[in-house]
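Right, one structure below, let's go through it.
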Amino acid sequence: METEPTQKSNAANPFGLTDHYLTEKSKLRKSFGRKEVLFFSICSVIGLDTIGIVAAAGPEAISWMAVLAIVFLIPASMVIAELGGTFTSQGGPYLWVRLAFGRFAGSVTAVVSWLKSPVWFGGILAFVAVATAETFFMSGTQMSEFSFYRFTLAFIWIGIIAANFSFKVGKWVPILGSLSRLTLIPFFTITVVIFGISNGLRGVVFSDFGLSFDGLLATIGIILFAFLGLENVSSASDEMTHAKRDLPYAAFRTSALAMVLYGIPIMTVLLVLPIGQVNGLTGFVDALKSAFTVYGGSIAEDGTVTLTGAGSYLGAFAGVLIIVAVFASGVTWLMSTNRNLAMACFDGAGPRWIAFTNPRYGTPVRLNNITGIIASAILILGYRLNDGDITKYFGAAVGFAIAMTLVNYLAIFPAFWVLRNKFPDAYRPYRVPAHRTVSIWLTLVVALGISQLLAPGFGDKWFSDAYRPAGWVADQGRPYYLTQLLVLLVVVLIAAGFWYLGRRNLANTVTNNEVVEAEVSEEETTSTN
């Protein structure tokens, strides 16, 4: 593997970080305590939008979710706890991969993670917010094109403004988002119990739950995605008052909460709604509205739900909580992935100009604004290409965003093993037992998940009807797979371009009174040999 030009390591700079990185790091303000770290982590991992996506996969999805919580989520949280608590420099996920495999690998993970955020925020979360508003505030009536753009563009750019503020201000977004989840999910669960007692349950019965190989292939990608994001808060390690203590704390508690806050609402969605009515875009919203009829309202024979009296007021309150929760999910991902890429650029893994940090707020405002432009473009393009019908687009966007997220873990989990051997004497507040076995196992599980997102059914009945993505007809199966793979390759090429520009910056930078161009020449000779 080629060694890249870098600043020499020393006792004060053991990881060989560039002067630009160290300069930007010195500008950061510590304003994240233990509770803020935990709330940020909860918003990154536990998404109300994901509840509908998993529930739409059917009753077997929750069975496999329980299995994967034990064999994947728990060991993954252990790995993130060790990495986050050990390597506490800003841009943690980038730094882990860079220290293990070099700047090129670090650049790829940082860019892939960053490009996923505008797809998720503008292409998925904005649509979930629209569906929620239409359900609870417009009696199910579809927004006009003008209202759609007004609502969604405001959703995106308010999020960008929140991300541009310092964590001292911006931290209130994940706090409110977490409180929305912790309020809504228990209230929803209690309401479903009342609904079941009053009206009976119309969804699945316990005999529908089971485990099968084809069920695993069909659901593993979305389930893994529901559990990912524990590493996000490590992107802001240098803005925490006690990162080594708080990051492992947040990883373990968030994983425990994820098991409860995913398992219970997904089960209740499946119990309330007939299976044919559960879809990834509005599954949770529809189940919530149906359950709230116990407070006032009715369900027609065709499934149309009408809320009246207290039901309409509580429904509106729940709608606000859902919009706040999905908004907070998007903003926390933006805050983390943009910080991650900014520090990668300052460390020579990308162009420095894109990572400009506002001296007043200490945030990568230029990168945030570029992300907002990309998210807006994706939103408009997705809406226009589908003439306002977003079901097909939503399925493809979800698959792509999940695949982009999982790709990073193909580097993070192996990096964990490499860093344990490479820095054996580093202080680790928490150490994972059997680290080699854990690293290999998690990497294999992620690889299986990615294979099912890029080529659903691979390993069983590839290209078959059983695994066709939602919204794609039979003759569109292969184009779907090729589209997913092609887009992912384009993203990797973009990341390679970032790395090349960052490498040129390094080659023209004088650090520690040494001309790095000489190191570049020497390293290229070594790599050739």
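The values are calculated or read from the model by the stated rules, or taken from the named source; none is laboratory data. Note that the structure is predicted; figures quoted are calculated from it, not measured. Note that each Cβ is placed from the backbone with ideal geometry, even for glycine, and that neighbours are counted across all protein chains shown. For accessibility, only protein heavy atoms count, side chains too; no ligands or nucleic acids. Shrake-Rupley method; radii C 1.70, N 1.55, O 1.52, S 1.80 Å.
At-a-glance table
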{"read-out": "Selection status of residue 418, at pLDDT below 90 and under 24 Å from residue 224 (Cβ atoms)", "value": "no"}
{"read-out": "Flag for residue 362 being over 17 Å from the mean Cα position of the chain (by Cα), at pLDDT below 90, under 16 Å from residue 495 (Cα atoms) and not polar (S, T, N, Q)", "value": "no"}
{"read-out": "Selection from region 411-433 of residues that are open to solvent by 70 Å² or more (accessible area, probe 1.4 Å) and among the hydrophobic types (A, V, I, L, M, F, W, C)", "value": "417"}
{"read-out": "Residue in region 72-92 that is modelled with pLDDT under 90, among the aromatic types (Phe, Trp, Tyr), open to solvent by less than 10 Å² (accessible area, probe 1.4 Å) and over 28 Å from residue 283 (Cα atoms) present", "value": "no"}
{"read-out": "Of all residues making up region 16-60, the number that are over 21 Å from residue 260 (Cβ atoms), among the polar types (S, T, N, Q) and part of a helix (DSSP H, G or I)", "value": "2"}
{"read-out": "Those residues of region 101-119 which are open to solvent by 10 Å² or more (accessible area, probe 1.4 Å) and more than 12 Å from residue 341 (Cα to Cα), in sequence order", "value": "101, 102, 104, 105, 119"}
{"read-out": "Helices (runs of 4 or more DSSP H) (entirely within region 119-237) containing at least 1 residues that are at pLDDT 85 or above", "value": "126-137, 145-164, 172-199, 213-227"}
{"read-out": "Inter-residue pairs, beta-carbon under 6 Å, first within 19 Å of residue 52 (Cα to Cα) and in region 126-150, second among the small types (Gly, Ala, Ser), 6+ apart", "value": "132/319; 136/315; 136/316; 136/319"}
{"read-out": "Residues satisfying the stated conditions in region 38-54, i.e. in contact with a Ser or Thr (Cβ under 9 Å, 6 or more places away or on another chain) and either more than 23 Å from residue 400 (Cα to Cα) or among the hydrophobic types (A, V, I, L, M, F, W, C) (or both)", "value": "38, 39, 40, 42, 43, 45, 46, 48, 54"}
{"read-out": "Candidate set: region 281-330, residues that are open to solvent by less than 20 Å² (accessible area, probe 1.4 Å), of a type outside the set (A, V, I, L, M) and within 19 Å of the chain's Cα centre (by Cα); chosen: the one farthest from residue 262 (Cα to Cα)", "value": "330"}
{"read-out": "Exclusive hit being of a type outside the set (Asp, Glu) and more than 30 Å from residue 506 (Cα to Cα), set 80, 74", "value": "74"}
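Each row is one residue, and each column tells you yes or no for (1) at pLDDT below 85; (2) crowded, with 19+ Cβ neighbours inside 10 Å; (3) of a type in the set (D, E, K, R); (4) in a helix (DSSP H, G or I).
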| residue | (1), (2), (3), (4) |
| --- | --- |
| 368 | no, yes, no, yes |
| 372 | no, yes, no, yes |
| 375 | no, yes, no, yes |
| 380 | no, no, no, yes |
| 384 | yes, no, yes, yes |
| 394 | yes, yes, no, yes |
| 399 | yes, yes, no, yes |
| 409 | no, yes, no, yes |
